[in-house]
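Written below as structure tokens is the structure these notes are about.
The values are calculated or read from the model by the stated rules, or taken from the named source; none is laboratory data. Quantities reported herein were computed from a predicted structural model and do not represent experimental measurements. Cβ: placed from backbone, ideal geometry, glycine included. Neighbour counts: every protein chain shown. Note: accessible area is taken over every heavy atom of the protein model, side chains too, but ligands, DNA and RNA are not part of it. Shrake-Rupley method; radii C 1.70, N 1.55, O 1.52, S 1.80 Å.
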Amino acid sequence: MAEVLAEGFNVFDTDKSPGGTVKYLASPEDVIALIRSGKLQEHILLVRGGTTTFLAPALSMGAIGVITMSGAPESHLGILSREFQIPCVMTAHLVNSESRYVVGSTDEAHFVEIAKELDGRRVRLDCTDHEVGRVLAD
């Protein structure tokens with residue numbers, strides 16, 4: 001098995017194992033720029049939370065995988081990921097870090113650390129486990 005970089009909640013069980021370069025999308029402008037680039041399907045999308053509604057256009061236009069740094073499978077992105085059958089790992093944490101997302105008490109450093117480690121990295125998502133989704137080095 002490949003090196004596990006991060007783990008989180010698996011939104012739904014699937015044998016799909018999309019691979020691509022992680023692209024951190026911090027704003028609606030980032031999403032629009034990626035869609036306009038024509039390279040959407042080359043990327044696994046990294047966003048801050050499950051309530052990141054501005055990601056919806058990318059999901060409907062062929063996104064292949066999503067990683068969130070907070071949020072639950074019952075959140076907006078979790079629901080849309082299931083509807084579009086896009087593998088999604090939510091509330092991902094780096095396996096080599098002690099930092100974990102805790103509602104209401106997680107500081108900015110947690111999100112910065114994850115984005116710095118994963119953005120631009122080639123990964124593959126493993127969403128075959130019922131509960132745990134994994135981000136693997138590819």
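Residues are listed down the side, and each one gets a yes or a no for (1) open to solvent by 60 Å² or more (accessible area, probe 1.4 Å); (2) in contact with a helix residue (DSSP H, G or I) (Cβ under 8 Å, 6 or more places away or on another chain); (3) free of Cβ contacts under 8 Å to residues at least 60 places away in the same chain:
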| residue | (1), (2), (3) |
| --- | --- |
| SER75 | no, no, yes |
| ARG82 | yes, no, no |
| ALA92 | no, yes, no |
| GLU108 | yes, no, yes |
| PHE111 | no, no, no |
| ALA115 | no, no, no |
| GLU131 | yes, no, no |
| ALA137 | no, no, no |
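When the criteria are applied in full, GLY104 fails the requirement of being in a loop (DSSP other than H, G, I, E, B), open to solvent by 10 Å² or more (accessible area, probe 1.4 Å) and touching a residue at least 40 places away in the same chain (Cβ under 8 Å).
Taking the stated definitions as given, is SER99 open to solvent by 20 Å² or more (accessible area, probe 1.4 Å) and farther than 21 Å from LEU136 by Cβ? Spelling it out, it is not the case that SER99 is open to solvent by 20 Å² or more (accessible area, probe 1.4 Å) and farther than 21 Å from LEU136 by Cβ. ALA58 - would you say it is closer than 20 Å to VAL11 by Cβ and either in a strand (DSSP E or B) or without any contact (Cβ under 8 Å) to a residue 40 or more places away in the chain (or both)? Against the criterion (closer than 20 Å to VAL11 by Cβ and either in a strand (DSSP E or B) or without any contact (Cβ under 8 Å) to a residue 40 or more places away in the chain (or both)), ALA58 qualifies. On the stretch given as region 72-101, residues that are of a type in the set (A, V, I, L, M, F, W, C) and in a strand (DSSP E or B) total 5.
For region 46-61, the criterion of being under 23 Å from GLU131 (Cβ atoms) and open to solvent by 20 Å² or more (accessible area, probe 1.4 Å) is satisfied by at least one residue.
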